[in-house]
């Protein structure tokens, strides 16, 4: 059996998602208009949405349903 590789994250999930979204938007700015640029912008939007959902799920006001 292989041993799982463990990684200690130094940045929070929100920080990592924000950095990846910024990197993708910068990459999209350097691409010419077309499907590659659209795909890159769409991926950045998906990552930003993921960051929002993660924030909502970890917010202290979130309550369990009755």
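Quick note: the coordinates plus some simple rules give every number you see, no bench work behind them. Everything quoted here is computed from the prediction, not taken from an experiment. When we count neighbours, we look across all protein chains shown, and the Cβ atoms used for this are built from the backbone with ideal geometry, even at glycine.
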*Relative contact order of the chain, pairs being alpha-carbon contacts under 8 Å that are 6 or more residues apart, as %*: 34 percent
*asked:* Over the Cα atoms of the chain, each weighted equally, I'd like the Debye log10 I(q)/I(0) at q = 0.13, 0.14 Å⁻¹, rounded to two decimals.
replied: -0.55, -0.61
_Exposure proxy order (Cβ contacts within 10 Å, fewest to most) of 17, 53, 31_ = 53, 31, 17
_Per 0.36 nm of contour for each residue apart, how much would the distance between residue 12 and residue 45 grow if the chain were fully extended, relative to their Cα-Cα spacing?_
10.0 nm
